[in-house]
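Data block below; observations after.
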Amino acid sequence: MHITTITATTDPASPDRRAALRTIAAFGVAAAGGSILPSAHAAAGTVAPAIAGDGAAFDAAVAANPWLRPFKGIDDHDPATSDLRCDALRITGRWPVDLRGRFYRNGPAILERSGQRYRHWFDGDGMVQRFTFSSAGVSHVGRLVRTGKLAAERDAKRFLYSAFGTAVESDAPVQGPDSFNVANTSVIEHGGRVLAMWEGGSAFALDPADLSTTGAVTWKDGYEQAPFSAHPKLDPVTGGLWNIGTFGDKIVVWHIDATGHLERVQVRESPYPNGMAHDVAVTKRYVVLPLPPVKMNYAAIGKGATPEEAFHFERDQPLRVLVMKKDDVADARVFELPTRMLFHVANAYETRDGKVALSFVASPDHDFLVHGAVALMAGHTAPSFGSRLHTAELDFATGRATMQQQGGATEFPRVDPRRVGGAARFVVGAAAWKPQPTGREGLFHGVQVTDLSTGRTDRHDYGSDAVVEEHIVVPKRGGRTDRGERDAWLLGTTFDAKRQITVVNVLDAQRVADGPVAR
């Protein structure tokens, strides 16, 4: 079965086609995994469907609120910031001798051009950062993903294409979803390539040697520019990737083998057409896709809608969870949970009695999507957090699903990568639990490990100068097997607002409260 390609039907410059393609491009773009995602409810109001054109106002806000400096973005006209390299970063503490390899981050980086500023945080062009850990120390490379959009806007010295939350009036040619592709949401090295991923179109491949962009990935003829979402799951047994893509009433399920080649692609109807989906989980036999009750308003997006107009949160609808068999995604069950907005899942696995256990982070509504991410770009934060860790049990025998909330404010859930798709007891996340100084409310200040069996947490507070980003779990080499999931390092970045620098932190997962062993 093939997806209808977007490039071979009508004139790409026609108004109807441009609106449809802008809709496709905007669909599904969500929080940039691995970058700063404050789970805040911001009082930002609605946003006019136009570029703000006021970078100076944001600069004034940052002068009084240094925690928001990362939302300024970089200067794409300055070679010193558009390509970054440092062969030897300064290390404090004792770097673990077994911690070797490459650590990647991706997130929005170009947020202004010629004094014009995007309205929504998810709009910025992606920049991949790589930290390499070796016996010689720690080095760093950062490069923008050279998409077609980036190249065209560099030449024009202005924004040409509408984005998630910012409408742009332009006659720039549109050739498909990748005309809008910012490749800014997530990144993974797999099968000899680094993949920078977005929601609405292709993954972009980068050369692992120097992070130069080699181009958009087409997994199969007939699937050019088909959506390849931002959070694929790596099977710890086979080494393959499972991923989804969504648009309109269709769900695409991708299976990429360990060598980076397409194993199989399947397409099925969505039980929640025109809904938003950002993350996916896998078990031994199933692909588990949460579908929060957020509808895309395609007509509004085609006219340059605000995020509030484009995304309608249906408060009377449940959080649906679509559980599809890997070998035949048409064979599926839909479970219903209480209404929640969901960006990220932690894990899923099959229990001994035939149920599926699912863990994820969710909030009561979509306020961050339509207000919080807008407020950050305007230089504001807000004091309340809505995101919490949840667990659910999906019962195939009865068709019923139950859900429980675990602990306080958190985001970016991660588990031991060896346990993906299997039973995992501990979930790592960025977190907040203390009152914060004025101006940095709604930004995470710590990292925590939550024990799903007891609800207890082990936490480290980085302090009021730090903005905490995603932390991942890196199993220790040669570790004792009886220590299980927590015989690992936690590796993550923080922004030091006082020194205006990014810091890479290493913590022992068994002694999180002790703080970093090396930075």
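The values are calculated or read from the model by the stated rules, or taken from the named source; none is laboratory data. Everything numeric here is computed off the predicted structure, so don't read it as measured data. Neighbour counts are summed over all protein chains in view; Cβ atoms, including those assigned to glycine, are modelled from backbone coordinates with ideal geometry. Note: areas computed on protein heavy atoms with side chains; ligands, DNA, RNA excluded. Shrake-Rupley method; radii C 1.70, N 1.55, O 1.52, S 1.80 Å.
Counting the residues of region 58-69 that are in a helix (DSSP H, G or I) and either open to solvent by 40 Å² or more (accessible area, probe 1.4 Å) or over 29 Å from Asp155 (Cα atoms) (or both) gives 8. Report yes if Arg418 is within 24 Å of Leu491 (Cα to Cα), in contact with a Gly (Cβ under 9 Å, 6 or more places away or on another chain) and not aromatic (Phe, Trp, Tyr), otherwise no. Here the answer is no, as Arg418 does not meet what is asked.
For region 435-451, the condition of being of a type in the set (A, V, I, L, M, F, W, C) and open to solvent by 10 Å² or more (accessible area, probe 1.4 Å) holds for none of the residues. Only a single criterion out of (1) in a strand (DSSP E or B); (2) charged (D, E, K, R); (3) under 27 Å from Gly240 (Cα atoms); (4) open to solvent by 30 Å² or more (accessible area, probe 1.4 Å) is not satisfied by Arg418, namely (1). Checked against (1) surrounded by 21 or more Cβ atoms within 10 Å (Cβ to Cβ); (2) in contact (Cβ under 8 Å) with a residue 40 or more places away in the chain; (3) in a strand (DSSP E or B), Trp254 passes all but a single condition, namely (2).
Apart from one condition, Thr283 fits all of (1) more than 24 Å from Gln225 (Cα to Cα); (2) of a type outside the set (Lys, Arg); (3) surrounded by fewer than 17 Cβ atoms within 10 Å (Cβ to Cβ); the exception is (3). Within region 180-200, the set of residues being in contact with a helix residue (DSSP H, G or I) (Cβ under 9 Å, 6 or more places away or on another chain), over 16 Å from Arg105 (Cβ atoms) and either at pLDDT 95 or above or of a type in the set (A, V, I, L, M, F, W, C) (or both) comprises Phe180, Asn181. Number of residues in region 224-237 that are under 15 Å from Leu195 (Cβ atoms), open to solvent by 20 Å² or more (accessible area, probe 1.4 Å) and either at pLDDT below 95 or among the aliphatic types (A, V, I, L, M) (or both) equals 1. When the residues of region 400-415 are filtered to those that are open to solvent by 30 Å² or more (accessible area, probe 1.4 Å) and more than 23 Å from the chain's Cα centre (by Cα), the one that is farthest from Phe368 (Cα to Cα) is Arg400.
Of the residues that make up region 295-303, is at least one modelled with pLDDT of 95 or more and either open to solvent by 50 Å² or more (accessible area, probe 1.4 Å) or in a strand (DSSP E or B) (or both)?
Of the residues in region 295-303, the ones modelled with pLDDT of 95 or more are none.
Within region 295-303 (the criterion being modelled with pLDDT of 95 or more and either open to solvent by 50 Å² or more (accessible area, probe 1.4 Å) or in a strand (DSSP E or B) (or both)), the answer is no, since none of the residues qualifies.
Considering region 182-223, the residues that are part of a loop (DSSP other than H, G, I, E, B), among the small types (Gly, Ala, Ser) and open to solvent by 40 Å² or more (accessible area, probe 1.4 Å) include one that is farthest from Gly124 (Cα to Cα), namely Gly192. What's the total number of residues in region 238-251 that are open to solvent by 30 Å² or more (accessible area, probe 1.4 Å), touching a residue at least 24 places away in the same chain (Cβ under 8 Å) and assigned to a loop (DSSP other than H, G, I, E, B)? The total comes to 1.
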